[in-house]
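Below is one structure, written out as structure tokens, with a few remarks after it.
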Amino acid sequence: MQPKAVSQSTFITSYMQARVLVLAVLTLAFMLLHPLMAAAQQASLAPLAEKISPSVVNITTSTVVSRRTGPQGIVPEGSPFEDFFRDRGDDGDNPRRSSALGSGFVISEDGYVVTNNHVIEGADEILIEFFNGEELVAEVIGTDPNTDIALLKVEADEALPFVSFGDSDTARVGDWVIAMGNPLGQGFSVSAGIVSARNRALSGTYDDYIQTDAAINRGNSGGPLFNMDGAVIGVNTAILSPNGGSIGIGFSMASNVVTRVVDQLKEFGETRRGWLGVRIQDVTEDVAEAIGLEVAAGALVTDVPEGPAREAGMEAGDVIISFAGEEVADTRELVRRVGNSPVGETVRVTVMRDGKSKVLRVTLGRREEAEGAVPAVAQAPEEEEPVSTEMLGLTLTVINDELREELGVPEGVSGLAVTEVDEASEAFEKGLRPGDVIVEAGQNKIGTVAELKERVEAAREAGRKSLLLLVRRAGDPRFVALSLAEAE
């Protein structure tokens, strides 16, 4: 009986020790979590909202419109401001005054106000309402439709409360943010959320949107997106929504884009973006293989019209891999970097040409002055008798005067016209269609079937698996890489 008593005593002792240990662990956990729980309960956005609210403004615009012509303000489809610009007047052709609502924020004590371009576009009068109820008439300093940013100015008797821009590049997915504005005309309103995504592109050339789930509705357009330091990291611009209301997918133009635009509007009343003077496309995997690049990165030059790049010696077929000392990942990145560069600045541009890198020094022009530039075209070779062939899944014919007129090919453009495309071919899959004109093969100009065959053989001898073609359609060039297996 004695051994059994010892065993029971040991069990009770072990049980009591384990219970004490569990209680000690729970006590320690409570002691550690209690301050955190208390801090969480005390955390509030109220102090921050109180601090930044006086700098946020409501914007009311007034426009004279007619029933026949509709509103003058044009808002992109899906914009959080779209419905406020719709014609809601009485029947008849008499002019009437239409109102619209939006948001903005003061960026300097002397009265500069930032908002969206679509908020004030076409307005005859712009009225700014401040947090304290004061109202002032604003004038337009400048606008930039490309980024949907407008800079306004009001004259006040006293220094105005304002906010500063923050560095949007430091915003991380998951960071807390606050959106402020005038949703649905309800007056000053605050909503909170997080950064859902970065570097979103919608439809513009210079798009760099921060996506957030903070509630953004009609009337929030032009309002600020704040970080927890009270700095503006975005301008609320658009939402994605099936019903016109917030479903947690809002977009704010990144502050690092906005600040450059605002600085130029303040100084010049307009934007002055750098211009390289090239047409470009992304480098795909098959294009990279066709021209011997190890990595599918950079911007492939498809055309070099008269301008800064041509003067510096850039050629169609070059791949821009570095701009101003920074690597270029794709065309979107290059466009943004060039646009953000000062007009007249000379920059080092590194290109890959025939498998070797080459550094060019390009003095940038101004994009706004070059929007209507006409691409240069190649000189036409001597006229030849039409020669057709089937190759690469294409039926090709040398361009003559008859084909030139039929296809609308400009004078001076030579090459091989695509008259038929095998729908089972890689060429059809990659978008080639009858009427396209192949002007280069293997980064060399071609004007005859024989020259195309020479480029095919040269690519094979170089160990290439595909051939790079420069194709023009209605004057617009693009590169297409086709497998050499289809040239058998």
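General remarks:
- If the segment from Asp167 to Arg361 were pulled out straight at 0.36 nm per residue, it would be longer than the present Cα-Cα gap by 66.8 nm.
- Multiplying the residue separation of Val295 and Glu315 by 0.36 nm and removing their Cα-Cα distance gives an extension gain of 5.2 nm.
- Chain lengthening between Arg198 and Asp124 when straightened (0.36 nm per residue, less Cα-Cα): 23.1 nm
- Estimated FRET transfer efficiency (Ile249, Ser53; beta-carbon r; R0 25 Å; 0.05): 0.50
- What you get for the stretch 388-487, charging only the Cβ of Lys and Arg (+1) and of Asp and Glu (-1), is a dipole of about 480 debye around the Cα centre.
- For the stretch 388-487: rounded, prolate or oblate by the Cα gyration tensor [a/c cutoff 1.5]: prolate
- Summing Cβ point charges (Lys, Arg +1; Asp, Glu -1) relative to the Cα centre of the stretch 164-239 gives a dipole of roughly 220 debye.
- Taking the alpha carbon gyration tensor of the stretch 142-213, multiplying each eigenvalue by 5 and rooting it gives semi-axes of 24, 19, 14 Å, largest first.
- Residues Val287, Val304, ranked from the fewest to the most other C-beta atoms within 10 Å, line up as Val287, Val304.
- 27 Å Cα-Cα threshold exceeded, pairs from Lys430/Lys465; Lys51/Lys153; Lys358/Lys453: Lys358/Lys453
Only the coordinates and a few stated rules stand behind these numbers; no lab work does. Nothing here was measured: the structure is a model prediction, and the numbers come from that model. Quick reminder, even Gly has a Cβ in these numbers, built from the backbone with ideal geometry, and neighbours come from all protein chains shown.
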